[in-house]
Amino acid sequence: MKQLWFHLMPYTDLPPSFTEEHDSVWVDIDAKLFDPEKAHGMYNDFLDELEFAEQQGFDGICCNEHHSNGYGLMPSPNVIAAALSRRTSKAALCVMGNSLALYNPPTRVAEEFAMLDVISGGRLIAGFPVGTPFDTCYAYSQNPSMLRSRYYEAHDLVKQCWTDESTFAFNGRYNQQGWVNPWPRPLQKPHPPIWIPGGGSVETWHWCAEMDYVYAYLSYFGYKAGRATLDGFWEEMERLGKDRNPFRAGFLQFVGVADTEEEALKLYREPAEYFYNRCLHVDPRWANPPGYITEATVRSKVVSQVQQAAVKAAQKVIEEHAMPTFEEMVDKGYVIIGSPDQVAEKLREVAVELNVGQMMLLLQFGNMNKDLAYYNTEMYAQKVKPQLDGLFEDEWENRWWPQPLDTAKRATPREVTL
């Protein structure tokens, strides 16, 4: 099993009164709440944490794309990955990812991802999310009814950029380009592994099966709530004649580790409450624009995480205690909290029951400070990760993992003497 360290880069200084005084953490969040000097420290702490995760032996480090929000400060994950490509040397760089429908032209994605793959020596995992309605339909004003068709066309153009060695013309509905010849081209052949972050759309399941991509379920609400989605995914894979290779699926889980369960519950209470009460305080009016959810998904009765988060936030406005307490977060599996052995046992259970081979861990969440993030990361790396290494690998091949250059062939920073 691959174990990846995921960072959302949340703004860690939203006021305690945020949910009472502000409608939403996304789209129309009050710009006056953003302090650039504080954010300077946050960004540099976050980059340090990602680099530390590689030093601790995580298989990959992850970043993603969001806009106009205090939930995640990464409007350009490629900028973050570029910094990491020079400051790391072993971990896969998992960019989850570029919201393809937002790029005009999408060749920009092909070029920037190729740069990252070449600079890093072939360590890139390319994520292609459709994107949340907050980011795509409101922050970037895309027509929700056209979002998926725009996304699919952008994907086709990017993939052709990576696999067609000629200069070609592309004449699509949304993109018309007479001379497409991107330099550089990716190091990995035919292209970097492609992962598709999803929230439960039936169409995304079908498309991952058709294209042989990883379906990565980025769960807010943990393994208990995520079981129905992963069960649906695997049922659909079986119906489509695909094998149950666990490396076809990725899953995101919040985790807090300490020497004892009692200590862990004490340490991670505040960061968890901050995340679920402030970072997920989203206004329902931004959650479900007409046309965003497809007919097939509506008929399947799959409810997106975005919609769930918005409903919970709305309930909190109506009912003072509608948001879960920390104890409920732990009980419902939003956050796995405990000693190293307890966490390892539970994560093994999650991986096996959900049949997931690409496990993404949120070990920094909410307003967790750098010292605690380092502690959580080190505890996991030294006492949990070894208990899970190798899971599934004796039976299944992970065809969706980067194939980097041999270390001997990679460029390394050199000291220059003048």
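Just so it is clear, none of the values below were taken in a lab; they were calculated from the coordinates. Note that the coordinates shown come from a computational prediction; the quantities given were computed from them, not determined experimentally. Cβ coordinates were reconstructed from backbone atoms using ideal geometry, including for glycine residues, and neighbour counts include every protein chain displayed.
Computed values, structure above
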| item | result |
| --- | --- |
| The chain pair-distance distribution - Cα-Cα, 10 Å bins, rounded % | 4, 22, 34, 28, 10, 2, 0 |
| Tensor-based shape of region 1-158 (alpha-carbon gyration tensor, a/c under 1.5 rounded, otherwise prolate or oblate) | oblate |
| Orphan Cys of the chain, criterion: no other Cys C-beta under 4.7 Å | Cys63, Cys137, Cys161, Cys208, Cys279 |
| Antiparallel bridge percentage (DSSP; both residues within the chain; nearest 5) | 10 |
| Mean Cβ neighbour count within 10 Å, used as a protection proxy, ranking 205-218, 58-71 highest first | 58-71, 205-218 |
| Helix-only [θ]222 nm of the chain, DSSP H runs n ≥ 4, -39500 (n - 2.57) each, per residue, nearest 500 | -12000 deg cm²/dmol |
| Relative exposure of Lys2, Lys32, Lys90, judged by other C-beta atoms within 10 Å (fewest first) | Lys32, Lys90, Lys2 |
| Taking region 2-409 and dividing mean pair separation by its residue count, relative contact order in percent (alpha carbons under 8 Å, at least six apart) | 21 |
| Cα centroid of region 1-51 to Cα centroid of region 259-291, whole Å | 12 |
| Aspartates and glutamates with Cα under 20 Å of Lys189, excluding same-chain neighbours fewer than 8 positions away | Glu111, Glu112, Asp117, Asp156, Asp164, Glu165, Glu210, Asp212, Glu397, Asp406 |
| Cross-link pairs Lys242/Lys383; Lys2/Lys370; Lys38/Lys385; Lys2/Lys409; Lys32/Lys224 - those with Cα-Cα distance over 29 Å | Lys242/Lys383; Lys38/Lys385; Lys32/Lys224 |
